[in-house]
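Colleague: Got a structure for you, questions after.
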Amino acid sequence: MLNKQLILYIDKQVKDKYFNELICAFKYEGNIRKIILDYKFHEKPYLFSTFVNFLLKEKKIFENIKNYDKIIPVPISKERQKERGYNQSLLIAKEISKQINLELLNNCLIKTKNIVEQSKLNKEQRERNIKDVYKLKNKQLIKAERILLIDDIYTTGSTVNECSKILREGNPKKIGVLTIAKD
C-alpha cells in the first residue's frame, strides 16, 4: 500500500537554501498523509519504526544517510513536547542513529519559543513565524561535520531552512535534510 506512494525525492543541488541536500521518501498525500498525521497528532509514537524501516530499506536513501557524520532532529518547544508527549522527529532520528551508528545530537539545536503550528499557516506566514526561534548550543560539535537534519514533512521548507541557517553558525561541512514526506 505505501510502496505505491514512494516517490524517493533526492535533490543534491538545493538552491537558495541553507542546506545542501534534500531527501524525501513519500508524497504527502493519501494514506501516507493520514499515517503521518496520526503519528504526529493522535498519540501514535510507535509509528516511527514503520517510517524508519521504509527509509532504511530504500537503497538510495540508505546510501545517502551513510554519507553523514551526525544526525540532528528538528526540535519542538517544551510546551509542544509536554502536549504531545514526544518529538516525532527525535524518535525517527534516534532509531536511524542506532541502526546506522550515526552520532545523535539531540540538545545541540534547541527551540526557544512556542509558536503557532506551521501547518496552520501559508508560505509567507511560515517564514515569519519560524524566524529566530532556534538556537545553537555547542557549536564545536558540528564544526566541519556532515549533518543530517531530520523532520517529518517538507512543505515549504521554512522550518528546515531556518534550522539549517542556525546550524551554519557552527560551520558544518554539509547539511542534508531527510523527511518522511514532501508536499
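The values are calculated or read from the model by the stated rules, or taken from the named source; none is laboratory data. No experiment lies behind these values; they were computed from the predicted model shown. We place every Cβ from the backbone using ideal geometry, glycine too, and count neighbours over all the protein chains shown.
Colleague: Give the residues of segment 96-141 that are over 23 Å from Ile180 (Cβ atoms) and among the β-branched types (Val, Ile, Thr), sorted by residue number.
Modeller: Once the filter is applied, which keeps residues that are over 23 Å from Ile180 (Cβ atoms) and among the β-branched types (Val, Ile, Thr), segment 96-141 yields only Thr112.
Colleague: Can I ask one more? Which pairs turn up if I take residues in segment 119-143 that are outside any strand (DSSP E or B) and look for partners that are of a type in the set (Asp, Glu) with beta carbon separation below 6 Å, at least 6 apart in sequence or on another chain?
Modeller: Short answer, once both residue conditions are applied: Ile130/Glu162.
Colleague: Being more than 25 Å from Ile10 (Cβ to Cβ) and not aromatic (Phe, Trp, Tyr) is the filter here, so list the residues in segment 64-86 that pass it.
Modeller: Ile76, Ser77, Lys78, Glu79, Arg80, Gln81, Lys82, Glu83, Arg84, Gly85
Colleague: Looking at segment 129-183 only, could you name the residues that are at pLDDT 95 or above and either on the phi > 0 side of the Ramachandran plot or touching a His at 6+ places or on another chain (Cβ under 7 Å) (or both)?
Modeller: Within segment 129-183, Ala144, Asn171 meet the criteria.
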